[in-house]
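S.K.: Sharing a structure with you now.
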Amino acid sequence: MPVSLGMPSAPPPVLAPRRPTRQIQVGRVGVGSQHQVSVQSMTTTKTHDIGATLQQIAELTAAGCDIVRVACPTDKDADALKIIAQQSTIPVIADIHFQPKYVFAAIEAGCGAVRVNPGNIKKFDDKVKEIAQAATEHGTSLRIGVNAGSLDPRLLQKHGKATPEALVESAVWEASLFEEHGFQDFKISVKHNDPVIMARAYELLAEQGDWPLHLGVTEAGPAFQGTIKSATAFGYLLGKGIGDTIRVSLSAPPVEEIKVGLQILQSLNLRERKLEIVSCPSCGRAQVDVYTLAEEVTEGLKDVTVPLRVAVMGCVVNGPGEAREADLGVASGNGKGQIFVKGEVIRTVPEDQIVDTLVEEARRIAAEMGHQEDGGEAPAAGAPTVSVH
């Protein structure tokens, strides 16, 4: 009996409901429990190199980035913020350290938000009232960013090191300073390079207020290590409903951060799933080169943006079942592959034609889905989805 596929009639299940928070705006992007979890990254260019910075922002935007952060360590960078904020198609956050004057420059430049680290901005506490007034006047939100590596020396002395309690105490103290002046348009982050310490800090922080929270494992490391650390911490926290924006910090090109972040959210059903390739890990039963098949199918469909689940299976044990459950799939063996569409075998092709056939069928299904979204008639069996495992 064919499996009923297509877009679900109800929202997909999540591990836990979002923790209720106050709502803020970062430019045109809403942040808080009433909005989807947003994905951020940070440019690696010198901000005063306006052309290079805008080019990288465009690449991030194309990859699905919701909000971008730029560094502002010098006067030249501060002077460039206005043009960058005006020309960027996604909200820009200015990242400020050491000098309070750059906070005001970023606000006046029209940035969507300003990220401040109270632990390393000179005489920050004395400037809170002025910052709150300027941010209110310009409709600018803030992020209070507490980092293990730049914690207020007073708290390091009190706690001995950057414990979860120290990070949270710093964040709550600085939040209270703004709230004393009636300013509430801020989110908070308490980052650490250890996912366990980081996760515990966010749990403690979530218990103490309704602030929206930005998740991040700071200095997470090279791409593989950083992906694992971020996925572990984010999965744990988002699975409990904690977290309103995320950044996967990798020693890799910024676009890679967005790819990983979006995949984490999609895996938790916090974003609509797009192309997903389900492929077996291969084993002694495999009769085809599953690794190569999966890679070639993924490459051939890299520009597909509709929700579509494609199964690339290499044996006759689990292959047919997995292929039937996907929108499009192949069960391979003995030099050929059975092609499944919406649960039914539509043809059997030689092994050297599997990739081309899957790509052809996927594009046909995607075109039907696009036609439906544009107001055309829906395909008879409903709109399919794709997944890759």
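S.K.: What whole-number value in Å² describes the accessible area per residue of segment 23-268 for a 1.4 Å probe?
M.R.: 40
S.K.: Can you grab the distance from the C-alpha centre of segment 56-100 to the C-alpha centre of segment 167-213, Å, no decimals?
M.R.: 23
S.K.: Sticking with this structure for a sec: Treat each spin label as a single point 7 Å out from the Cα along the C-beta direction, and report the Glu59 to Asp352 distance in nm.
M.R.: In this crude label model, Glu59 to Asp352 measures out at 3.7 nm.
S.K.: Rank Ser267, Leu151, Gln133 by how far each Cα sits towards the positive end of the charge dipole of the chain (+1 on Lys, Arg Cβ; -1 on Asp, Glu Cβ) and give me just the farthest.
M.R.: Result: Leu151, furthest along the dipole toward the positive end.
S.K.: Something else now. Can you give me the % of accessible surface on segment 275-370 that is carbon or sulfur? Probe 1.4 Å, all protein chains present, nothing else counted. Each step should come with its number before you reach the end.
M.R.: On the way: 2040 of 4350 Å².
Carbon and sulfur together cover 47 percent of it.
S.K.: Which is the longest run of the chain containing none of the trypsin sites (Lys or Arg not before Pro) found in DSSP loop states (not H, G, I, E, B) with at most 11 other C-beta atoms within 10 Å? The partial results should precede the final answer.
M.R.: Working: sites that count: Arg28, Lys122, Lys123, Lys161, Lys302.
Here the longest segment lacking exposed loop sites spans 162-301.
S.K.: Note the angle between two axes, namely the Cα long axis of helix 223-239 and the longest principal axis of the Cα atoms of the chain, as a number of degrees from 0 to 90, rounded to the nearest 10.
M.R.: 80
S.K.: In addition: Taking only the alpha-carbon positions of the chain and ignoring solvent, what does the Debye formula give for the base-10 log of I(q)/I(0) at q = 0.11 Å⁻¹?
M.R.: After summing over all Cα pairs, the log10 values are -0.83.
S.K.: Further question: Taking springs between alpha-carbon atoms closer than 10 angstrom, which of Gly329, Gly149, Gly321 fluctuates most in the Gaussian network model of the chain?
M.R.: Maximum fluctuation in the GNM of the chain, among the listed residues, is at Gly321.
S.K.: Where the centroid of each part is defined by its Cα atoms, how far is segment 320-370 from segment 130-148 in Å?
M.R.: 52
S.K.: So, one more: When N is the residue count of segment 275-370, what does its C-alpha Rg come to as a fraction of 2.2 N^0.38 Å? Show your work: numbers first, answer last.
M.R.: Details: Rg = 11.9 Å, N = 96, 2.2 N^0.38 = 12.5 Å.
That ratio works out to 0.95.
S.K.: Stretch Asp79-Asp126 to full length: gain in nm at 0.36 nm per residue minus the Cα-Cα span?
M.R.: On the way: separation 47, 0.36 × 47 = 16.92 nm, distance 2.42 nm.
Length gained, Asp79 through Asp126: 14.5 nm.
S.K.: If I fit a long axis through the Cα atoms of helix 254-267 and take the longest principal axis of the Cα atoms of the chain, what angle between them do I get, 0 to 90°, rounded to 10?
M.R.: Taking the Cα atoms of the chain, the angle to 254-267 is about 70 degrees.
S.K.: Also, quick follow-up: What FRET efficiency do you get for Glu295 and His159 if R0 is 35 Å and r is their Cβ-Cβ distance, rounded to the nearest 0.05?
M.R.: 0.15
S.K.: Could you provide, to the nearest whole Å², the per residue accessible area of segment 275-370 with probe 1.4 Å? It would help to have the intermediate numbers written out before the result.
M.R.: Values: 4350 Å² over 96 residues.
Accessible surface, normalised per residue, equals 45 Å².
S.K.: Kindly identify segment 194-263 as rounded, prolate or oblate by the Cα gyration tensor criterion: order the square roots of the eigenvalues as a ≥ b ≥ c, call it rounded if a/c is under 1.5, otherwise compare a/b with b/c, prolate if a/b is larger, else oblate.
M.R.: Working: a/c = 2.27, a/b = 1.80, b/c = 1.26.
Cα axes put segment 194-263 in the prolate bin.
S.K.: With charges only on Cβ, +1 for K and R and -1 for D and E, what is the dipole size of segment 23-268 about its Cα centre, in debye, rounded to 20?
M.R.: Values: 22 positive and 27 negative charges, 70 e Å.
It works out to roughly 340 debye.
S.K.: Counting other C-beta atoms within 10 Å, and keeping those with at most 11, which DSSP coil chymotrypsin sites (Phe, Trp or Tyr not before Pro) do you find in segment 198-236? Present the calculation step by step, with values, prior to reporting the outcome.
M.R.: Values: sites: Tyr202, Phe224, Phe234, Tyr236; in loops: none.
Passing both the DSSP loop test and the Cβ count: no residue.
S.K.: Does anyone have the angle between helix 195-208 and the longest principal axis of the chain? Alpha-carbon axes, 0 to 90°, nearest 10?
M.R.: Computed tilt is about 60 degrees.
S.K.: Still on this structure, I have one more. Can you spot the lysines whose alpha carbon is less than 27 Å from Lys101's alpha carbon? Ignore those fewer than 8 places along the same chain.
M.R.: Counting by Cα, and skipping residues close in sequence, Lys101 has these lysines nearby: Lys46, Lys76, Lys82, Lys122, Lys123, Lys127, Lys129, Lys187, Lys191.
S.K.: Just need the relative contact order of the chain here, percent rounded to a whole number, with Cα pairs under 8 Å and 6+ apart.
M.R.: Values: 853 pairs, mean separation 60.8, N = 389.
Relative CO of the chain lands at 16 percent.
S.K.: Shifting gears a bit: Ignoring any ligand, DNA or RNA, what whole percent of the accessible area of segment 98-149 comes from carbon and sulfur when the probe is 1.4 angstrom? Don't skip to the end; give the middle numbers.
M.R.: Working: 970 of 2080 Å².
On segment 98-149, the fraction of accessible area on carbon and sulfur atoms equals 46 percent.
The values are calculated or read from the model by the stated rules, or taken from the named source; none is laboratory data. Small disclaimer: the values here were computed from a predicted structure and weren't measured. Cβ atoms come from the backbone with ideal geometry, glycine included; neighbour counts cover every protein chain shown. Ligands, DNA and RNA are excluded from the accessible area calculation, which covers all protein heavy atoms including side chains. Shrake-Rupley method; radii C 1.70, N 1.55, O 1.52, S 1.80 Å.
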